[in-house]
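To keep things clear, I will list the structure first and then write my remarks on it.
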Amino acid sequence: MRRGISIAAISALALTMAACGSSDEAKEDTQQPAPAQSAEGDGSAVAGELTIWADDTRSSQVAELSKDFTDKFGVKVNVVQKSESDMDKEFISQVPTGKGPDLIVLAHDRLGSLVSNGVVGTVDIADKAKDFSEAALSGVTYQGQTYGVPYAIENVALVRNNQLSKAEPKSFDEMLAAGKEANVEYPFIVQMGDKGDPYHFYGFQTSFGAPVFKQDDKGSYTTELTLGGEKGEAFADWLAKKGNEKVFDPAITGEIAKQAFLDGKAAFTVTGPWNVSAFREANMDITVLPIPAAGPEAAQPFVGVQGFFPSAKTENQLLVNKFLVDYLATEEAQQKMYDLGKRVPAMPAVAAKISDPDIQGFSEAGKSGAPMPAIPEMSAVWDFWGITEVDVVTGKQQPKEAWSTMVTNIENAIKK
Amino acid sequence: MDQSTVKTKRFDRFDLSWGFWVKVALMALINALGVYGLLAAWAAESYLTLAVVLVTLIIADVIYFSRRFIPAKYLFPGLAFLLVYQVFVMGYTGFVSFTNYGTGHNSTKADAITQILAQHQKRVPGSPTINTTVVEKNDKLSLAIWDAEKKAVLVGNMQHPLTLVEGAKANDKAITEVPGYQVLKFADLVKRQQEVAGLKAPLTDDPNDGFYVTTDGTKGFLAKSDFRYDEEKDELLDTTNNVVYQPNGEGAFADPEGNTIMPGWRVPVGFANYTNMAHGSDLAWPFFNALVWSFIFAIFSVVSTFAFGLLLALVFHDKRIRGRKIYQSLFILPYAFPAFLSTLVWKGMLNTKFGFINEVLLGGAEIPWLTNGTLAKVSILGVNLWLGFPYMFLICLGALQALPEDIMEAAKIDGAGPIRTLFSVKLPLILVSTMPLLIASFAFNFNNFSLIYMLTGGGPNYPGASLPVGETDILISMVYKIAFEGGSQNYGLASALSILIFLVVGVISYFGLKRSNAMGED
């Protein structure tokens, strides 16, 4: 047996060495500089690579963009696909352990929670700030500090089935009337679901003058709630009325609304570019219009800003800055991102070159829009807000009382 | 004794059969993995992991290369996995439940301070972007900047404020030469990215005058930080209004009025997460409701699926039924479908307006199956019955087939009718063999997260409730909402709830199994 042990030990050792050896080699491989030339043109190649997290719809676009970046700067990029709904939570839990990516692609409304968790790094784009639209910039700015580089703006708009109506309604009632003339099952359809959908309903709510949080004179959101009060209750009353008339219905989920519009059962719908591309693919004749006001003021849909945000603990600070400032903040890269993703570009100069009527329609509808609040307090709002909308629409609760209870609940949740 | 016999004997003793080589190969693999783990833990400076891996590896080698420890050879893999996947996870969950881990408190104090300082470091308004370069002297980095007014190059770092260097060469693109220093190229900078990113060149000795920083090594700007950290006093100073922030004992810096700056860090909070559940006013009653509903849901699910499964098994066990094989296979269908998917299908079928049940079966009756609290509970129980009965059907059928025929004969001879035979003979015998499975089924349903989450999402929420917890939320889905949903996470509280759920399921399983053992021994 003694010899048995030594043989085994030796072979084990040999195998271990082999394993270590190969893993070391692998490491060296990855650290080996990419053959391309660096931007400085000094001929020295750059070691290191970047890791970017993006969701399922954007990861292929980001991968395409990264190829271009690699060609230009010689820095390799790994794009990791993550689930849209919880990539921010994963980011928050991984960055402190030093395991997260170098960059993450997100809508800006999650920024506040990233900042208060200390996981997102700062970026200086002062020199390029003038190239971006104000809305896009405000999306990546939080408490006066810039945390990322935007590339696209996203908002919902009114979409009209041109075969059923030619109206360009300015008010909700005009739209309903025009829709009724078309004599279809739904003059107007919008997704709601049994948890409510404050995002799609926000344009109507703001037309009553009840935005969710107060904005200070610089346009940053404060934590002061403004969705209640008389104006908010007027909106709740209107919701109850329209719920009673079966204009809104929690049974209508996103899928049902999309299908009904595709089937030509609805004259108008409120939706975003993600569904419009599907309508186009089905060869529908549609027009994208601004959201009609339901109350006395203008309808302001939420505007979301898509951007690249750096990790606070990236070990590749310089490469990250190269990517964000020297590459992504150029017209060329922004144009490429538009070609890949077909969203309203964050740079007006790029947006001006676009002839796609849908994109122009969304851009027009978003001009009056309000940026989605990025403050962490926003997370306390969604659930109560949606459920209350459902309860009001179904008549489960009296609109005024429901709305004021909701405001109290949100206030309590924010205080915690 | 001649040579050959010695040889065979030796050969026997060393047992170089193929089994031995398989063992060597396996152990080599395990050792290779172990050593890799050691190196990885070393590189990550995770010394506890390193110690655990080292000890496990040594024990494994001792056990398998020795001729003794025969039982340990069988037990060791199971024990190792038990330690890693059960004991460690439970221990860690327990540890988290005593902290404030969650939104705003997810890292260490040092991280929080670094991050607060970084978040409040901003470009001085109107400060232009200038050419900079990173220079090195005795392996220490400094930042060289091009001062356009003085038309000169200044060099500085945290220890030495910016000072003029004579004889430096620069063009409008970059600083190319600084006497006494080595100018670094981009590729060299990339290797020391962290150092370069943290490089600051203060204007003067007073940090409030601002400092130059660089974002990519070649360009830089004048920046200022609104916050300063005093290491000795352990306090943060807001230089814009001279407010002092001190640690508030709850893992955050707070000013005298109690306003905190985020991010904070993780601190132990004792039993606060547990006591919150009992008398944190807004958590107590949703917790209580969810607890009661979890029990009702789990008990009713087990009883209903078992009763229905047993009934079907009794019927289709009877040999007089024609084509029972076909029926039996049909009944197993719901079991063969992934429950996840069929729950989603059920959700669609129960839609108030467009669902199959309302639209087709009930002729357009708009019954709010999933949006009315009571109906939602009924729907959940119904769907779970549909999902769960095939399993009970299968095990009851098996148990029935295993019943010895002679006992039935004896019952018949004793004059028992079919009903009496069922309740006094068959049922007790079936229960003995199925009781452990029923307990397992209870534990499973008590934590049947996917059904609740996919079917109702816990909804409908209590109208006007102060927590977005719904009427059909069981404990585990409530834990999920607290830990992951919305934007604010509270892992500490969620862990405390998980520990409680574990205790409930553990205690019930323990007594249940004990009882079923007792029944078996009778």
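Taking region B:307-358 as the range and being in a helix (DSSP H, G or I) and of a type in the set (Gly, Ala, Ser) as the test, the residues that pass are B:Ala307, B:Gly309, B:Ala313, B:Ser329, B:Ala336, B:Ala339, B:Ser342, B:Gly348.
Going residue by residue through region A:363-385, is there one that turns out to be of a type in the set (A, V, I, L, M), in contact (Cβ under 8 Å) with a residue 40 or more places away in the chain and open to solvent by 30 Å² or more (accessible area, probe 1.4 Å)? No - not one qualifying residue is present in region A:363-385.
Kindly check whether there is at least one residue in region A:311-324 that is within 20 Å of the chain's Cα centre (by Cα), of a type in the set (A, V, I, L, M, F, W, C) and either closer than 20 Å to A:Trp385 by Cβ or within 14 Å of another protein chain (Cβ to nearest Cβ) (or both). Yes, region A:311-324 has at least one match. Each residue in region B:9-42 was checked for being more than 10 Å from chain A (Cβ to nearest Cβ) and at pLDDT below 85, and 6 of them qualify. Does at least one position in region A:287-303 carry a residue that is open to solvent by 10 Å² or more (accessible area, probe 1.4 Å), more than 14 Å from every other protein chain (Cβ to nearest Cβ) and without any contact (Cβ under 8 Å) to a residue 60 or more places away in the chain? No, because not a single residue in region A:287-303 is open to solvent by 10 Å² or more (accessible area, probe 1.4 Å), more than 14 Å from every other protein chain (Cβ to nearest Cβ) and without any contact (Cβ under 8 Å) to a residue 60 or more places away in the chain. Looking only at region B:164-188, which residues are within 50 Å of the chain's Cα centre (by Cα) and either acidic (Asp, Glu) or facing another protein chain (nearest Cβ under 9 Å) (or both)? Once the filter is applied, which keeps residues that are within 50 Å of the chain's Cα centre (by Cα) and either acidic (Asp, Glu) or facing another protein chain (nearest Cβ under 9 Å) (or both), region B:164-188 yields B:Ala174, B:Lys185, B:Phe186, B:Ala187, B:Asp188.
Being within 13 Å of chain A (Cβ to nearest Cβ) and either of a type in the set (A, V, I, L, M) or open to solvent by 60 Å² or more (accessible area, probe 1.4 Å) (or both) is the filter here; which residues of region B:189-210 pass it? Correct list: B:Leu189, B:Val190, B:Lys191, B:Gln194, B:Glu195, B:Val196, B:Ala197, B:Leu199.
In summary, B:His105 fulfils each of the numbered conditions (1) modelled with pLDDT of 85 or more; (2) more than 30 Å from A:Tyr147 (Cα to Cα) with the single exception of condition (2). Restricted to region A:126-155, and to residues there that are in a loop (DSSP other than H, G, I, E, B) and either among the charged types (D, E, K, R) or within 11 Å of chain B (Cβ to nearest Cβ) (or both), the residue that is least open to solvent (accessible area, probe 1.4 Å) is A:Tyr147.
Against the conditions (1) at pLDDT 90 or above; (2) at the interface with another protein chain (Cβ under 10 Å from one of its Cβ atoms), A:Trp382 satisfies every one except (1).
Residues are listed down the side, and each one gets a yes or a no for (1) touching a helix residue (DSSP H, G or I) at 6+ places or on another chain (Cβ under 6 Å); (2) in a helix (DSSP H, G or I); (3) open to solvent by less than 20 Å² (accessible area, probe 1.4 Å); (4) not hydrophobic (A, V, I, L, M, F, W, C):
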position: A:Lys353; (1), (2), (3), (4): no, no, no, yes
position: A:Ile359; (1), (2), (3), (4): no, yes, yes, no
position: A:Lys396; (1), (2), (3), (4): no, no, no, yes
position: A:Lys400; (1), (2), (3), (4): yes, yes, no, yes
position: A:Ser404; (1), (2), (3), (4): no, yes, no, yes
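Just name the residue that is surrounded by the most Cβ atoms within 10 Å (Cβ to Cβ) out of those in region B:54-99 that are small (Gly, Ala, Ser) and in a helix (DSSP H, G or I). So, considering only residues that are small (Gly, Ala, Ser) and in a helix (DSSP H, G or I), the one surrounded by the most Cβ atoms within 10 Å (Cβ to Cβ) is B:Ala60. Among the residues of region B:114-131, are any of a type in the set (A, V, I, L, M, F, W, C), within 14 Å of chain A (Cβ to nearest Cβ) and out of contact with any Lys or Arg (no Cβ under 9 Å at 6 or more places or on another chain)? Yes.
Residues checked against (1) in a helix (DSSP H, G or I); (2) within 21 Å of A:Asp391 (Cβ to Cβ):
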site	(1), (2)
A:Glu224	no, no
A:Gly243	yes, yes
A:Asp249	no, yes
A:Phe261	yes, no
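Quick check on region A:95-109: of everything there that is surrounded by fewer than 24 Cβ atoms within 10 Å (Cβ to Cβ) and closer than 18 Å to A:Val381 by Cβ, which residue is nearest to the other protein chains (Cβ to nearest Cβ)? It comes out as A:Asp109.
Checking each residue in region A:245-274 for being open to solvent by 20 Å² or more (accessible area, probe 1.4 Å), away from chain B (no Cβ under 14 Å) and not acidic (Asp, Glu) picks out A:Leu262, A:Gly264, A:Trp274.
Candidates B:Gly309, B:Gly258, B:Gly251: the one that is at positive phi and touching a residue at least 60 places away in the same chain (Cβ under 8 Å) is B:Gly251.
The values are calculated or read from the model by the stated rules, or taken from the named source; none is laboratory data. This structure is a prediction, so every number in the text was calculated from the model and none was measured. Virtual Cβ from ideal backbone geometry, glycine too; neighbours counted across all protein chains shown. Side chains are part of the model used for accessible areas, which takes the heavy atoms of the whole protein and leaves out ligands, DNA and RNA. Shrake-Rupley method; radii C 1.70, N 1.55, O 1.52, S 1.80 Å.
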